[in-house]
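Note sheet for the following structure.
The values are calculated or read from the model by the stated rules, or taken from the named source; none is laboratory data. Computed from a prediction, not measured in an experiment: that's the story for all the values here. For neighbour counting, all protein chains shown are included, and Cβ atoms are generated from backbone atoms with ideal geometry for every residue, glycine included.
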Amino acid sequence: MPPSFTDALTDARRPVIMELKPRSADGEDLFRGRRPAEIVARYEAAGAPCLSVVTGRWFGGDTGLLAEVTALTDLPVLQKDFITNTGQLHAARELGASAVLLTAALLPAAALARLTGAALALGLTPFVEVADAAEIEALPSCEGCVVAVNNKDIRVRERGDADTGRSLRLLPDVRRTGTPCPVSASGIDDPQVAARLLNAGYAGLLIGTRLLQADRLESWCEELDALRPASPALPPAG
């Protein structure tokens, strides 16, 4: 049995959730003719502890992509979509997901608490996404959850520039939720920015567009490693 999503990420030496999504927020084809199996193999070779699969139609995804990816890998997989009911949680589990995205901006506090509890009861890790201090303040207990700061604005479908400074500003608030796994998500392009977020105290990062665009993923990962505190050598990235 694979480790839980949270354990896999917090125990990782290169704690980057590597994402599969067919299109960027601006409509760019990110798969570029590659099959999911090729991308999964590339991410596994780069030492990804977890994967994320976007099933939302904004980014060209669907649940078929999730089913395909979970059949290809033993890594824990996050389903990223707008989940609003328990039926979607059951479907995610049936499709092989280990974690599910719950977006605080879209869910009333009572609904978020209900879905968080239901996900945990099903053995799914709630990946609770927030964007400001008020959303964090309204969260239910997060001891079994990932709490992720989205550096982009979902109100404009995550188009435009990311504000990674948001993650740095909100980290103390995120820590107070009790989550064992604070994550910074979206718009992390530069290994220097990625290293700054990890070195500040984030347990993981979620990165999709930049890794799918990278001609040499191993170079991106090696640059990130070089900017982090010295530790025993990682295997080559890919």
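State all residues of the stretch 176-201 that are under 19 Å from LEU101 (Cα atoms) and out of contact with any helix residue (DSSP H, G or I) (no Cβ under 7 Å at 6 or more places or on another chain); if no residue qualifies, say none. Across the stretch 176-201, the qualifying residues are GLY178, THR179, VAL183, ALA185, SER186.
In this structure, does ARG210 turn out to be touching an Asp or Glu at 6+ places or on another chain (Cβ under 6 Å), basic (Lys, Arg) and surrounded by fewer than 23 Cβ atoms within 10 Å (Cβ to Cβ)? In short, yes.
Would you check if ASP81 is buried (at least 21 other Cβ atoms within 10 Å of the Cβ), out of contact with any Pro (no Cβ under 9 Å at 6 or more places or on another chain) and acidic (Asp, Glu)? So ASP81 fits the description; yes.
Among the conditions (1) at pLDDT 95 or above; (2) touching a Leu at 6+ places or on another chain (Cβ under 8 Å); (3) surrounded by fewer than 22 Cβ atoms within 10 Å (Cβ to Cβ), the only one that PHE5 does not satisfy is (3).
One residue stands out among those in the stretch 33-54 that are part of a loop (DSSP other than H, G, I, E, B) and without any contact (Cβ under 8 Å) to a residue 12 or more places away in the chain: the one that is surrounded by the fewest Cβ atoms within 10 Å (Cβ to Cβ), which is GLY33. All conditions in (1) buried (at least 18 other Cβ atoms within 10 Å of the Cβ); (2) among the hydrophobic types (A, V, I, L, M, F, W, C); (3) farther than 21 Å from ASP225 by Cβ hold for VAL16, with the sole exception of (3). The set of residues in the stretch 38-76 that are in contact with a Pro (Cβ under 7 Å, 6 or more places away or on another chain) and among the β-branched types (Val, Ile, Thr) contains only VAL69. The set of residues from the stretch 211-238 being over 16 Å from GLY47 (Cα atoms), modelled with pLDDT of 90 or more and either part of a helix (DSSP H, G or I) or not charged (D, E, K, R) (or both) comprises GLN213, LEU227.
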